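What follows is one structure encoded as structure tokens, with my remarks underneath.
Laboratory data are not the source of any read-out in this text; all were calculated from the coordinates shown. Worth saying up front: this structure is predicted, and the values here are computed from it rather than measured. Positions of Cβ are generated from backbone atoms using ideal geometry, with glycine treated the same way; all protein chains shown enter the neighbour counts.
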Amino acid sequence: MLADYKEDIYHCLKCGACRTAFQAYTPICPSGFQYGFDSYYAIGRVDLARAVLEDRLAIDAEVMRRIYSCTSCGGCDEQCNPAVGISPLRIIEAFKHQAIEKGLIPPEVRDFLKGLQVHGNPYLEPSDERGRWAEGTPLESYSDQDYLFYVGCVGSYDERGQGLARTVGELLQSGGLSFGILGNREICDGNEANRVGERGLFEFLATHNIELFRELGIRKVVALSPHGFHAMKNDYAKWDAGFEVAHYTQILQAQVRKGSLRPRNRLEVKATFHDPCFLGRHNAEFEAPRFLLKSIPGLELIEMDRNRRNSFCCGGGGGNFFTDMIGSGVRSPSRVRVREAVDTGAEVLAVACPNCRNMLEDAVKAEGLEDRLQVRDVAHLLAQAVGVRDRGHP
Ligand code: SF4
Ligand code: SF4
């Protein structure tokens, strides 16, 4: 609740540092850039939180639009925390939690949560079809292997996400990793429920996963999505989860390093890499995906100005991948980002997250850039270079 963050809220200097990535001299807040008003930046959101805390403002639809269009990208924290010492993102997420507690949630968020509560996934698909993505693959059910390969809701139900899950599975297997999958036994990791402030549902999903993993003796997890990776690595800790979690790019990096995966086929392409917020800024993993790209013969990696800690969110975080509270248009972050990628001269925009891939691929279409830029996950590029059957890329 906001009262828990009173000190931080009053500590905001109104300096506006949260608007800009100073190291790159460029906007860092996707919703603020899209709408141009302070109330869509952390500076204004913290001010709204103060007004609510002091009973000067009611949480209405206009306030909620400003709060829920925050993508939890962490760009504001990156600027504010070292300079001022507070986390505006924690305040914004507490704001969302307060709205949920008071039953004041936007219809888009309510529908997303209802789907999750009733069906166990935001796609409203039956839970007994969760494991269908793996049909026709040689991937095995988890029994007592070293790792669990956890694919999450996007990897289980989204067509493009399923393709990525199959390709990553094939790569991990080719590299000799001992792992299994949960199929229909898997449930949502809860990260997006947590990000929109539904902490009760998040706790239910997290503790269910922790108990299941304990029961099955799972000690190590490799996650497909940076979102699930983030939740399990950081937010599950409060229930003493007791398992290690890695993102798939980290495991693939180890496999390439030790030579169990060998990228031999040349890919003569110029590629740029978009850091996913929940892998990069939130978890400081910037190098594993870049290592994989650089290991591909012929691939030239060009950086966008906004990279690593100063990366610019695709707009899909904070539940926006499902709720789209941030909205579309030419200034939407995914469209801004693909224009930025094209400006580098790259032909491929590489990603390491199923959500980023969909957001950016759709933006390429909206911008009419299909003949100039392809969005490809690092895993699909690596599969091509290694010669592993790519079960995902069309
Ligand atoms: S949230 Fe932090 S960076 Fe933004 S205005 Fe307040 S003190 Fe400055
Ligand atoms: S987390 Fe991202 S979208 Fe939200 S206020 Fe901070 S910079 Fe803006």
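Straightening the chain between Ala254 and Ala3 buys 85.9 nm, computed as 0.36 nm per residue apart minus the Cα-Cα spacing. Ranked by the mean number of other Cβ atoms within 10 Å per residue, highest first, peptides 149-160, 379-390 order as 149-160, 379-390.
Annotation: for a label point projected 7 angstrom from Cα along Cα→Cβ of Asp146, residues of segment 159-182 with backbone N closer than 17 Å are 169-181.
Counted by neighbouring Cβ atoms within 10 Å, the residues Glu361, Glu367 run from fewest to most as Glu367, Glu361. Along the axis of the charge dipole computed for the chain (Cβ charges of +1 for Lys and Arg, -1 for Asp and Glu, origin at the Cα centre), the listed residues Gln250, Pro297, Cys70 are led at the positive end by Pro297.
Counting only the Cα atoms, the chain fills a convex hull of 127 Å³ per residue.
Once fully extended, how much extra length lies between Glu287 and Glu215, figured as 0.36 nm per residue of separation less the alpha-carbon to alpha-carbon distance? Taking 0.36 nm per residue and subtracting the Cα distance, the gain is 22.5 nm.
Amide H contacts of Leu301 (H built 1.01 Å from N, in plane; Pro and chain starts excluded): Ala271 sit under 5 Å, all sequence-distant by 5 or more or on other chains. Extending 7 Å from the Cα toward the beta-carbon at both Glu244 and Asp343 defines two label points whose distance is 4.1 nm. Estimated at 0.36 nm per residue, the fully extended path between Glu62 and Ala366 surpasses their Cα-Cα distance by 106.7 nm.
Order these by the 10 Å Cβ neighbour count, fewest first: Tyr25, Tyr68, Tyr5.
Values: Tyr25 9, Tyr68 27, Tyr5 22.
Listing Tyr25, Tyr68, Tyr5 from fewest to most nearby Cβ atoms yields Tyr25, Tyr5, Tyr68.
Looking at the chain, the DSSP beta bridges with both ends there are about 10 percent antiparallel. Across the options Ala49, Ala61, Ser87, the greatest Cα extent toward the positive end of the charge dipole of segment 2-105 (unit charges at beta carbon of Lys, Arg, Asp, Glu) belongs to Ala61. Where Rh denotes the Kirkwood radius from the mean inverse Cα pair distance, what is Rg over Rh for segment 262-386? Here the Rg-to-Rh quotient is 0.95. With the dipole of the chain worked out from charges on the C-beta (+1 for Lys and Arg, -1 for Asp and Glu) around the Cα centre, which of Cys15, Cys188, Gly200 lies farthest toward the positive end? Highest projection toward the positive end goes to Cys15.
In debye to the nearest 20, how big a dipole does the chain give about its Cα centre with +1 on each Lys and Arg Cβ and -1 on each Asp and Glu Cβ?
800 debye
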